[in-house]
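The values are calculated or read from the model by the stated rules, or taken from the named source; none is laboratory data. Note that the coordinates shown come from a computational prediction; the quantities given were computed from them, not determined experimentally. Because the Cβ atoms are built from the backbone with ideal geometry, glycine has one as well, and the counts that use them run over all protein chains shown. The area values use the complete protein model at the heavy-atom level, side chains included, leaving out ligands, DNA and RNA. Shrake-Rupley method; radii C 1.70, N 1.55, O 1.52, S 1.80 Å.
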Amino acid sequence: MKVLGLIMEINPLHNGHIYFINQAKALTNPDFTIVVMSSNFTMRGETMIMNKFARTELLLANGADLVFELPFLSAVNSADLFGLNAISILKNLQTTHIAFGAELSDLSKLKTISNLLKSKKFNSEIQNFLKLGNSYASSALKTLTLLTKDKEIITNFALPNNTLAIQYISAADKLNYPLDFFPIKRIGNNYYDKNITSKIASATAIRELIKNKEPINKFVPNDVANYPFKDFDLIEDKLFHLLKFTFVNKTCEEIANIYGVEEGLENRILSALKESSNYSSFMEKVISKRYSYFRIQRTILHILLNTPKQLQNKSNYYLRMLGSNDAGLKYISSLPKEVKKNIITSFKNIQNNVVVDFEIKATKLYDLLTNSENIIEEYKIPIKKGE
């Protein structure tokens, strides 16, 4: 039996995602397709412009048999932990194949990079660049250039899809989990491109169109084009004021004990807040060579949710089914009892589960930022799509 696993965020679903799903299924010819999907916040700390329940329905309508959640504690994380949590879920669900988008579709070179990152030489050399105040991503790239002369590897290493592809390979190796990998070459615009040159545009470019209230129907399915997206300006304004209030309500010493707050970052954030009148000016002041835009975004969310530092650098996930079709339910019924008993179908009556607790808090924060009421959906059964 072939079980295909895909790891996606879809913020929002667009033509490139549909191409990717179709290509993955064409390459692997799976009996079942499982998507592990980030919940209401992305790995980079962005607020999703479509809630997770709407995105689940879209995935079920476009090739997924099952949609499982990559929860807040799993997803709003560094790339290595994002990958480890996602692959851990797929391992539990007994996935046999995984496809992922990549700018570099040469699997052997992706595996070479993964092996280099695990080497003692890499872990030794990277410390020198970190001590100079470089970010981890910048330090990793500088270190890699010392370990290989392969220009294709160096050029592709830091590209966003490749970064995650490498982490998926590394995670499977760490978990000693044999998977058949299928990298799918990214087509159309690059991840961060804001200029659109084809019907397959980047999610970044599409979000920019949405923000400017321009039409997106050429680049997304009809049910996405007509969706009432969340208000970017409202989200940023609320994030800014909630963060200011948090620093009124907590001391810097308390903030320092929160997930992701290190090396005096709490003081840097407080200083930037005092000098800023809005979210964008705050971000301009707080980011630096050491602290990337995305790291700050993630840290802000953890500060607002008061995520304790004890949860940092740990794999935190659960098996939570967001939706299925008939084929997906058939597959679930075929799984061993010990797996099925761990699958969460509703948060109703779930107690003493830190990942669930933080997912509920994250949904409440999402509702506050977007003027939504998604928290009610957390206690309902998974979305069911008939064949």
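General observations
- Residue that is farthest from Leu70 (Cα to Cα) [pool: residues in the stretch 354-387 that are without any contact (Cβ under 8 Å) to a residue 40 or more places away in the chain and of a type in the set (Asp, Glu)]: Glu373
- From the list Gly328, Gly323, the one residue that fits, being part of a strand (DSSP E or B) and either touching a residue at least 60 places away in the same chain (Cβ under 8 Å) or among the aromatic types (Phe, Trp, Tyr) (or both), is Gly323.
- Of note, Arg295 satisfies the criterion of being open to solvent by 40 Å² or more (accessible area, probe 1.4 Å), within 17 Å of Ser135 (Cβ to Cβ), touching a Gly at 6+ places or on another chain (Cβ under 9 Å) and among the basic types (Lys, Arg).
- No other residue among Thr33, Thr42, Thr47 is out of contact with any Pro (no Cβ under 6 Å at 6 or more places or on another chain), β-branched (Val, Ile, Thr) and open to solvent by 10 Å² or more (accessible area, probe 1.4 Å) apart from Thr47.
- Checking each residue in the stretch 220-245 for being in contact (Cβ under 8 Å) with a residue 60 or more places away in the chain and in a helix (DSSP H, G or I) picks out Asp223, Val224, Phe232, Leu234, Ile235, Lys238, Leu239, Leu242, Leu243.
- Any hit, the stretch 370-387, residues being of a type in the set (Asp, Glu), in contact with a Pro (Cβ under 6 Å, 6 or more places away or on another chain) and crowded, with 17+ Cβ neighbours inside 10 Å: no
- Any hit, the stretch 15-24, residues being of a type in the set (S, T, N, Q) and crowded, with 21+ Cβ neighbours inside 10 Å: no
Each row is one residue, and each column tells you yes or no for (1) farther than 21 Å from Leu81 by Cα; (2) in a helix (DSSP H, G or I); (3) touching a Phe, Trp or Tyr at 6+ places or on another chain (Cβ under 8 Å).
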site: Glu263; (1), (2), (3): no, no, no
site: Ser271; (1), (2), (3): yes, yes, no
site: Ser288; (1), (2), (3): yes, no, no
site: Tyr317; (1), (2), (3): no, no, no
